[in-house]
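The next block holds one structure in the form of C-alpha cells; read it before the comments.
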Amino acid sequence: MTMLKRRTIPTKPRFAYAVKRAYEVLAHIGATELPIDPVKIGEFYPEIQIASYTELKENTGEADPLFFSERNARYDFLEGFTHTGRSSHIDGETRRIRGRDDFLLVYDDRIRSECRIRWTIAHELGHIFLGHFTQFDISTVVRGEMGTRVHSSLSDKEYGVLEVEAHYFAAAFLVPATVVKKIPCCKTTRGIMDICAISEDAAIRRLNELRQLPYGSYETEAILNRNFYNYIKKTNHPNTAVFTPAL
C-alpha cells in the first residue's frame with residue numbers, strides 16, 4: 001500500500017502565504033530594527049536548534065556531519081562534466097527529528113560569508129514556518145545555491161515550489177517590504193545591502209521584487225509598523241526626536 005502525503009504540495013508557490021508567515025514571525029519575536037538576526041530565532045522557538053557545521057562536527061565527533069563535504073565534492077565532480085557554470089553547493093539543511101516536532105537546522109560556516117549564512121538560515125527557517133515538514137510527508141529539504149533534491153518522494157517541480165516559497169519567506173523576513181519601503185536609501189541595491197546585511201546578488205533580486213509587490217496587504221503590517229516606528233525615524237533622520245506611538 002502506497003503511503004500518501006498528508007497534503008498535496010501546491011503546484012505554484014504561495015507567495016502571499018510566505019510573506020504573511022514571515023511577518024507573523026517578525027511580530028512574534030518583537031523585531032524592532034534591521035538587520036534581522038535569524039540565529040536568535042532559537043530564543044523564541046526552542047523546538048528549533050540552529051548549529052554550524054563546525055559546531056556539529058565538534059559536538060558529534062563525526063568527520064563530515066550530514067555529509068556536506070562529500071555531497072559538495074560530488075557536485076563539483078559532476079560540474080566538471082556538465083559545465084553549467086552554476087553551483088549546487090549545499091549551504092545548509094534542516095531535518096525534522098522523527099516522532100517529534102523539533103528541528104535541527106545546520107548551516108555551513110566554512111563559506112566565510114556572513115551575508116550568505118544569514119540568508120541560508122532564513123531560507124531554512126522558511127521551510128519550517130511554512131509547514132513544509134508538517135504539512136507534507138518529508139523530513140528534509142536541502143538548501144544550495146542552485147538547489148539539490150535529496151528526498152526521493154519529491155518531484156523536481158514539487159521541490160522547486162518549496163524552494164521558491166522558502167526564498168520568499170527569507171526575503172520578507174530579512175527585508176520586510178513594509179519597513180524598507182519607508183526608508184528612502186533602500187531604493188538602491190547598496191542601501192538594501194547596508195541596511196539589511198544581505199549580499200549584492202540577494203539585494204538586486206529583492207529590489208526587483210519590491211518594485212512588483214503589493215503594499216499594505218497584510219494585517220500584521222500594523223504591528224510591524226509600530227514596532228519599527230522609532231527605527232525608521234532614526235534611520236531617515238538621525239537627529240530627530242522619536243517617541244512610541246499610541247496603539
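The values are calculated or read from the model by the stated rules, or taken from the named source; none is laboratory data. Keep in mind the model is a prediction, meaning the values are calculated, not measured. Methodologically, a virtual Cβ is constructed for each residue, glycine included, from the backbone with ideal geometry; neighbour enumeration extends over all protein chains shown. Remember, those area values only see protein heavy atoms, side chains included, never the ligands or the DNA or RNA. Shrake-Rupley method; radii C 1.70, N 1.55, O 1.52, S 1.80 Å.
General remarks:
- Within region 65-78, residues that are within 18 Å of Val141 (Cβ to Cβ) and open to solvent by less than 40 Å² (accessible area, probe 1.4 Å) sit with their Cβ atoms under 8 Å from residues that are modelled with pLDDT of 80 or more and among the acidic types (Asp, Glu), at 6+ positions apart or across chains, in these pairs: Leu66/Glu93; Phe68/Glu93; Phe68/Asp108.
- Cross-chain or 6+ apart pairs with Cβ under 8 Å, region 177-190 first and among the small types (Gly, Ala, Ser), then buried (at least 22 other Cβ atoms within 10 Å of the Cβ): Ala177/Val19
- Only one entry of Ala172, Ala222, Ala241 meets the criterion of being modelled with pLDDT of 95 or more and not charged (D, E, K, R), and that entry is Ala172.
- Within region 163-216, restricting attention to residues that are assigned to a helix (DSSP H, G or I) and among the basic types (Lys, Arg), the residue that is surrounded by the most Cβ atoms within 10 Å (Cβ to Cβ) is Arg206.
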